[in-house]
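Worksheet: the structure to be examined is printed underneath.
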Amino acid sequence: MGFDHDQKYDGEQPQDRMSLQDGDLKENRDDLQRHLGNRQIQLIAIGGSIGTALFISIGGALNKAGPGGLLIAYTLYSCLLGLVNNCIAEMTVHMPVTGGFIRLAGKWVDDAFGFMAGWNFFFYEALLIPFEITAINLVLTFWRDDIPVAAVCAACIVLYAVLNILAVGVFGEAEFWLSGGKVILIFMLFSFTFITMVGGNPQGDAYGFRYWSNPGAFAEYLTTGPLGRFEGFLGALWAASFCIVGPEYISMVSGEAKRPRVYIKNAFKTVYWRFGIFFILGALFVGVAIPHNDPTLVSILSGETGGAGTGAASPYVIAMQNLAVPVLPHITNALLVTSIFSAGNAYTYCATRTLYALAIEGRAPRVFTKCTKKGVPIYAFCLVMLFPLLSFLQISNNSAKVLTWLLNLITAGGLIDFIVMCITYICFYNACKAQGVDRKTLPYCGWFQPYSAWIGLVGLTCVVFAYGYSVFLPGNWNIEDFFSYYTMLGVAPVLYVGWKFFKKTEVVSANKLDLTWDAPIIDAYEASFVSPPVGFWTEMLQLVGLKRSVPVDRRHSVSDGA
């Protein structure tokens, strides 16, 4: 049996049938609007997945593992997340609903599972907002150390509010340009590293891969010898699990994407290239640019460096200063500020949509389903905007300590999200098999399934449980560290069991899993387009006045006589 995406809606509700026949084609069953185009989706996916970690926090991973350990850790974790992307892509392209993977988890696994996944992702995204604001303050100290922390926090919060309270198209356009700056920054840093390593620097020093042999490719962390080098690799692996993300953001924007079966599929397919270019190459170039025991890096990580200069926490900025490269450190730091700001903007959007998705499924108060005329969940947005206020903790605490505390909480939450995706896919796959659905008839069919899902599930489970192992080592026990590492891991099962107990939910059996769900509404919406899908580069050329004759996502309605 195949899944026919052109089939009529057999089980629609009366109100849905009216929406398909009386002249107004619904974009979603809910109130969100599909206004995000191809180029915006591609850049939002980049904006959400690239933030502080790739440019600044990666220095800590380099110090722990050395360049070789860092590269292996980032490559291994990229492969694990590639397997997860393979799972969520198939499900999301088939069912691009508001709330993405968190609603899929509740619909296809267990309502309690969706409750746990949704609230875990909500706190994950919401806590990332103050994390990025804290990082902006850290980076700004590169120029001077007397910039008012409170003023920076307040400015970021106001700007996030303005960009997210308007229509989703405004958010998409802002994120498109901000994320474009990230791409420019990444390739500028890669070019800097390559040119200087072959001798193109003021000192004429062709250092090449010198730091791989002196002080060495692998560093020791916590202990010495082979065990210390392995623990260094583990430290880099935990850093990679915070840095390397992406599939979840594509899934979350799918409910507001134009032509989701085409544009969302394209975005998922480019994730593998992003992992290779941005994260794996990023790990390689950082290990080339500076040694893992660079004195400036060590002093920053240990907290010894105070005052102006602390903002030079980026390994690339340190490398530029070591080589006496003029001007470029300032350009890099300016782009770092915009890049980190962009990530916080994306997290504000995702947290708002997550709370809205929870509310429409009854897993959060219904008041959060209220949307403006422009399709913005207004009350969900207001609640999310309380979380950036946590960034004011920097005023009375060391910003590096706040960053570390938030990072530990966030990383475990992110790992749980990817585990949720793997479990959801396994249930989805079993349902397709039990109901005789040929997955090759789906808009996107993942490869190497279900083995891809199982490998991803086992690998990520090992990572999340071993994440805070260092706190259990002799002499390392600290109750504060324990809770920062394992709070999210303890909250997740409590959320699941609690909701299951109060709502008496059941795991959905493979034979009863609803593979149709909102597919007919989405199919009817996609069929309303009269112009062919437009490519990413065509849209980019149209921005500069070329190929203006090519129509972009032109639609008709039933009332037009179609």
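Couple of notes before you dig in:
- FRET efficiency for the pair ALA161 and ILE331, taken as 1/(1 + (r/R0)^6) with r the Cβ-Cβ distance and R0 = 22 Å, rounds to 0.20.
- Angle in degrees between helix 399-434 and the longest Cα principal axis of the chain, rounded to the nearest 10: 40 degrees
- Added length on full extension, which subtracts the Cα-Cα distance from 0.36 nm per residue, LYS374 to TRP273: 33.0 nm
- Helical mean residue ellipticity (222 nm; -39500 (n - 2.57) per DSSP H run of 4+; nearest 500) of the chain: -20000 deg cm²/dmol
- Other residues with beta-carbon under 13 Å from the beta-carbon of ALA53 carry, at +1 per Lys or Arg and -1 per Asp or Glu, a net charge of 0.
- Portion, in percent, of the accessible area of the chain that falls on carbon or sulfur, probe 1.4 Å: 65 percent
- Relative contact order (percent, whole number), the range 186-321, Cα cutoff 8 Å, 6+ residue spacing: 24 percent
- FRET efficiency for the pair VAL170 and VAL458, taken as 1/(1 + (r/R0)^6) with r the Cβ-Cβ distance and R0 = 35 Å, rounds to 0.25.
- Entry note, the range 251-386: relative contact order of 15 percent, from Cα contacts under 8 Å with a spacing of 6+ residues.
- Principal-axis tilt of helix 260-269 within the chain, Cα atoms, nearest 10 degrees: 30 degrees
- Förster-model FRET efficiency, 25 Å R0, ALA434 and GLU506, C-beta, rounded to 0.05: 0.95
- Given their separation in residues at 0.36 nm each and the Cα-Cα distance between them, PHE194 and LEU227 gain 8.6 nm when the chain is fully extended.
- Spin-label pair GLN542/ALA527, simplified geometry with 7 Å Cα→Cβ offset, distance in nm: 2.5 nm
- Annotation: per residue accessible area for the range 56-515 equals 36 Å², rounded to a whole number [probe 1.4 Å, protein chains only].
- Between the helical axis of 58-94 and the longest alpha-carbon principal axis of the chain there is an angle of about 0 degrees.
- Distance from the range 268-290 to the range 125-193 (C-alpha centre basis), Å: 21 Å
- Across the chain, the relative contact order, built from alpha-carbon pairs under 8 Å that are at least six residues apart, equals 33 percent.
- A simple count of charges around THR487, restricted to other residues whose Cβ falls under 14 Å of its Cβ and scoring Lys, Arg +1 and Asp, Glu -1, yields -2.
- Cut-off 11 Å between beta-carbons: net charge of the residues surrounding GLY535, Lys and Arg +1, Asp and Glu -1: +1
- Each residue of the chain gets 156 Å³ once the volume of the Cα convex hull is shared out per residue.
- Peptide packing for 37-45, 147-155 was compared via the average number of neighbouring C-beta atoms within 10 Å per residue; ordered from the highest value, the list is 37-45, 147-155.
The values are calculated or read from the model by the stated rules, or taken from the named source; none is laboratory data. Predicted model, so just to flag it, every value in this text is computed and none were measured. All Cβ positions, glycine included, derive from the backbone under ideal geometry; neighbour counts span all protein chains shown. Protein only, heavy atoms only, side chains kept; ligands, DNA and RNA dropped before computing areas. Shrake-Rupley method; radii C 1.70, N 1.55, O 1.52, S 1.80 Å.
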